[in-house]
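Step one of this worksheet: look at the structure below.
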Amino acid sequence: MVEREGTGGVARPLGSGGGVSMLDPAFMDLLCCPACRSGLVQPDESSLRCTACGESYVVRDGIPRFVPAENYASNFGLQWNLFRQTQLDSFSGQPISRRRFLSYTGWTEAELRGALVLDVGCGAGRFTEVALSLGARVVALDYSSAVDACRLNHQGAEGLSIVQADIYRLPLKDGVFDRAYCLGVLQHTPDVERAFRALPPVLKDGGALAVDIYPKLWTDVLWPKYWLRHATKHMKAERLFATVRTGVRWLWPVSLAVGRVPLVGRKLRYVIPIVNYEGVYPLSPEQLKDWAVLDTFDMLGPAFDQPQTAGSLEGWMRSSGLEGIEVFRSGFLVGRGRKAKAQPQK
Ligand SMILES: C[S@@+](CC[C@H](N)C(=O)[O-])C[C@H]1O[C@@H](n2cnc3c(N)ncnc32)[C@H](O)[C@@H]1O
Ligand SMILES: [Zn+2]
């Protein structure tokens, strides 16, 4: 767990009326005890207490923490704190996250303005930034210390609250969000279906959900990523990170050369086990190398990497009571729909 000193620059929480010390009442209203689902009170700046079971939780740097400091997602904490800004559109100068967010969610600026939106597995907050820029009020949630990177990235942002929590034990009341999205996350959880099923309950009736997942492809067996992961997922994050940095330094010219082979280069470069976005995103040579280190680590480090089929995703969406379901491939496998409105009592 990355510890940071001081409370300066904590993103102003939802409702923005609160200072940096106590959590904003509007944010407190959304929270509940992940153990027994009862309400929480905040006796002081640095803790929350459950009104029913008495469990207490730490609040540090304005972020309530409902998980152990070390967990299976610690590699993500390291990567998002080391590459805190790399993939933010405001830093890269390219609308890469904005385009993915808009095309995957299908949501419009008019729908997002003033809406209460949950970002599940926010990482350093690249999509949080987009949702905020479109006028949403956002609760950004992550299991790892990526929440600290998210906080630093969005200092002073109006309408943002951050929480460190587990998708399997959400400290959020049912039926409170207008919208929720979960991008780049589900395949990295131990039980993808169960992680997906945790999402619809937090939505209001009629609330919209959008997720993406790695698609399960027969070609995955040819991809060295999945051979290497047998070893790399067990490596200590810091050691793997050093290895990836050295690997990218050596393999970068090779990957560039292979990728430039006419017609087949872009497919062929998958054989070189580093991520190369040349020709995919209009990034500078320096940015391409940073993205290569970040996403090669992101490819080799996670404890779980479990692609899914469109059929599975659609089945989970249907049986969770979603309506207006759309499932399609756009790089990732995307699923979106709405929570059915409750039928009026007869
Ligand atoms: C590949 S990153 C994606 C981050 C961000 N959504 C993005 O696309 O930049 C996956 C994130 O999922 C988070 N994550 C993994 N398991 C989780 C869980 N059980 N609950 C909440 N977040 C989780 C990780 O900590 C990590 O930050
Ligand atoms: Zn409780």
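Just so it is clear, none of the values below were taken in a lab; they were calculated from the coordinates. None of these values were measured; they are calculated from a predicted model. Glycine gets a Cβ as well: all are built from the backbone with ideal geometry, and neighbour counts include every protein chain shown.
Values for this structure:
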quantity	calculated
Members of the range 131-177 found to be among the hydrophobic types (A, V, I, L, M, F, W, C), within 16 Å of ligand 2 (Cβ to nearest atom), farther than 15 Å from Leu23 by Cα and over 13 Å from the mean Cα position of the chain (by Cα), listed by number	Leu170
Residues within the range 193-207 that are surrounded by fewer than 22 Cβ atoms within 10 Å (Cβ to Cβ) and touching a Ser or Thr at 6+ places or on another chain (Cβ under 8 Å), tallied	3
Count of residues meeting criterion [in contact (Cβ under 8 Å) with a residue 12 or more places away in the chain, closer than 17 Å to Pro307 by Cβ and aromatic (Phe, Trp, Tyr)] in the range 218-254	2
